[in-house]
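Read-outs throughout are calculated quantities, based only on the coordinates presented, and are distinct from any laboratory measurement. All values reported here derive from a predicted model rather than from experimental measurement. Here the Cβ positions follow ideal geometry from the backbone for every residue, glycine too, while neighbour counts run over all protein chains shown.
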Amino acid sequence: MSKVERHHLLTAEQMARFTDGFLIVENIVPKDLNAAVLEAERSWDGPGYNFWHQTDVLRQVFEEPQVKGAIQSFVGVNPVYDHSFLHIVKARHLKAQEWHADSIIDVRPYAFDVQAFYFAHDAPAEMGPTLVLPGSHLRKTNTASIARYKNIVGQRQLEASGGTIVFMHHGIWHCAQPNRTDQTRYVFKLRLRPGQVQRGLFNTDDYTSPEVAQIIQKGYQAWQGNEARLEHMQRAKLWRYVTGDDNIDVSFENALTRMSIHS
């Protein structure tokens, strides 16, 4: 993957928002290209895992400078293809997916795969777009071990307009919802592993600004309960990792600095 110009990379503010476990980027795909992908999705009759390999117009989406810039901000210029799938949910399919995290067999402390969920058409709430739990990506779990949970305080449904890509940390808890409309729902998922150490890959201008720190400081989640400060410590460590700065500290009461934790 050729390197993009710096202005196509994610900003420090966008990367700070990703510490919630996901980042929604609206209107990132040009309308004509988006329409062509939607047409290809509607006419597809093969297995979902082949859609990426056999659809040229889809791969063009991921060659768009802003899309490439986002990917490079997360996983570098030589990401490794992990898997992909075209998810198709028929009209009036009223069964929801169970809560799960994708393939959490991972010994890496802070490195992460990125998953791009691409919506080629509008996906309002009644169509059942993916439900995610902000902040859950740093609490590793074994795939479907969380399937017993139902509604969780703070959950968020990824309602999206056509041309939106949601970039998600591979560890985030999520589940598809019932499609209560008369239209088929499509979402394409691409998962990429990092091809290099994920430090300082985004546009790091202003990563130390108070505005960026405030975004991360607001990252406490109600579902975390009494462990919220411990969860936030993990977020602060993730921020050190992605910025490449082992001295920056957005932890509760600057605990990382006070305790001289630099990992």
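In the chain, the calculated helix contribution to ellipticity at 222 nm averages -7500 deg cm²/dmol per residue, counting -39,500 (n - 2.57) for every DSSP H run with n ≥ 4.
In percent, rounded to a whole number, the relative contact order of region 176-263 is 25, using alpha-carbon pairs under 8 Å and six or more apart. Expressed per residue, the C-alpha convex hull volume of region 133-263 stands at 159 Å³.
For region 210-258, the spread of Cα coordinates along the three principal axes comes to 29, 23, 17 Å, biggest extent given first.
The GluC sites (Glu not before Pro) found in region 28-76 that occupy coil by DSSP, while having at most 16 further C-beta atoms within 10 Å, are E63.
What does the net charge come to around V4 if you take all other residues with beta carbon closer than 14 Å to its beta carbon, with K and R at +1 and D and E at -1?
Working: positive: K3, R6, K68; negative: E5, E63, E64.
After counting each charged neighbour, the total is 0.
Spin-label model, R148/V77: points 7 Å from Cα along the beta carbon direction are separated by 4.9 nm. Mean projection of the Cα convex hull over all viewing directions, computed for region 42-130: 7.7 nm². With respect to the chain, whose longest principal axis is taken over its alpha-carbon atoms, helix 65-75 is tilted by about 50°.
Calculated over region 61-202, the projected area of the Cα convex hull averaged across directions stands at 8.5 nm². Put in order of Cβ neighbour count within 10 Å, fewest first, the listed residues D106, D32 become D32, D106. The C-alpha atoms of the chain define a longest principal axis, and helix 228-243 lies at about 80 degrees to it. Quick note on region 1-70: its Rg to Rh ratio, both from C-alpha atoms and Rh being the Kirkwood radius, is 1.03. Each distinct pair of alpha carbons in the chain adds a 1/r term; the inverse of their mean, the Kirkwood radius, is 19.0 Å. Between region 152-180 and region 182-241, the alpha-carbon centres lie 15 Å apart.
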